[in-house]
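Below: one structure, written as structure tokens.
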Amino acid sequence: MLDTLIVRKLARLKQTSQWLDKAYIAGIPHDVMTAPLDDDPQTTHTLYLNQNSGALSRVMTEQQGKKRFYDFMAHRKTQGILWASHVLVSTAEGPLYHSRARTLNVGQPGEAVFQIPAAYQRAPKVKPFDVAGLTIRELAAGVYFVGQDWGYTLFVDAGDYLISAGTWQMSEQAGAWAKALSKLRDSTSLDKPVKYHM
């Protein structure tokens, strides 16, 4: 969360924002309000605005009973923009992230920076592989990835023989490696011996 962008968005959310109360942070009075900062109705955003400077000091998000705090500190002003040079992100368990080295560069308008390039195309939807059963994928010429669920073996066709790397099975009796080799041979007609296994 960037404090400057939250304040900018807050200016557009006047109708849907709600003032709640007054609170003190480090002895300084703050207006406490809620605002729908994203489209998720399951998340509440509580904002703390310094009554003296107008700076955003804290944002608390709550989703499914879990709270996360964003504390914005050491505010500075650059070309009329008030921003926090330090930020601390934490939960009830303790700090998650602390930065004391934030910077702000003012220059090119944001709309120009974030324009989608003319040649941009959306990536096609990716259909995940069904790995419930034993699967085989040829990653490159002569390189095969064979396995099931999250246990795989890599087979490399080295000319007169195969090299296999890695295998995992719940027990020795599962025979995952032997099943993978059998699947490779059935699917590719490779009847070469495995000379090396790593």
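Scan segment 164-184 for residues that are modelled with pLDDT under 80 and surrounded by 15 or more Cβ atoms within 10 Å (Cβ to Cβ) and the total you get is 2. Being exposed (fewer than 10 other Cβ atoms within 10 Å of the Cβ), of a type outside the set (A, V, I, L, M, F, W, C) and closer than 30 Å to Ala74 by Cα is true of Thr103. If the condition is being acidic (Asp, Glu) and either under 19 Å from Asp3 (Cα atoms) or assigned to a loop (DSSP other than H, G, I, E, B) (or both), then segment 13-34 contributes only Asp31.
Number of residues in segment 49-100 that are over 19 Å from Lys22 (Cα atoms), β-branched (Val, Ile, Thr) and surrounded by 15 or more Cβ atoms within 10 Å (Cβ to Cβ) equals 2. Only one of the numbered conditions (1) out of contact with any Pro (no Cβ under 7 Å at 6 or more places or on another chain); (2) farther than 21 Å from Leu96 by Cα; (3) at pLDDT 85 or above; (4) surrounded by fewer than 14 Cβ atoms within 10 Å (Cβ to Cβ) is not met by Lys22, and that is (1).
Considering Leu37, Leu47, which residue is hydrophobic (A, V, I, L, M, F, W, C), without any contact (Cβ under 8 Å) to a residue 60 or more places away in the chain, over 30 Å from Ala180 (Cα atoms) and not in a loop (DSSP other than H, G, I, E, B)?
On the way: Leu37 fails: not in a loop (DSSP other than H, G, I, E, B).
Only one candidate passes the filter, namely Leu47.
Are any residues in segment 79-94 closer than 22 Å to Gly65 by Cβ and in contact with a strand residue (DSSP E or B) (Cβ under 6 Å, 6 or more places away or on another chain), and if so, which ones? If the condition is that a residue be closer than 22 Å to Gly65 by Cβ and in contact with a strand residue (DSSP E or B) (Cβ under 6 Å, 6 or more places away or on another chain), then Leu88, Val89, Ser90, Thr91 are the ones that fit.
Filtering Thr103, Thr61, Thr135, Thr78 for residues that are at pLDDT 90 or above and hydroxyl-bearing (Ser, Thr, Tyr) leaves a single hit, Thr135.
Looking at Lys9, Lys67, just one residue is outside any helix (DSSP H, G or I) and either farther than 29 Å from Gly107 by Cα or not acidic (Asp, Glu) (or both), and that residue is Lys67.
Name every residue in segment 139-163 that is surrounded by fewer than 14 Cβ atoms within 10 Å (Cβ to Cβ) and acidic (Asp, Glu), in order of residue number.
In the first step, residues of segment 139-163 are kept if they are surrounded by fewer than 14 Cβ atoms within 10 Å (Cβ to Cβ); the result is 139-141, 143, 149-150, 158-161.
Within segment 139-163, Asp149, Asp160 qualify.
The values are calculated or read from the model by the stated rules, or taken from the named source; none is laboratory data. Treat the numbers as computed from the prediction; the structure is a model and nothing was measured. All Cβ positions, glycine included, derive from the backbone under ideal geometry; neighbour counts span all protein chains shown.
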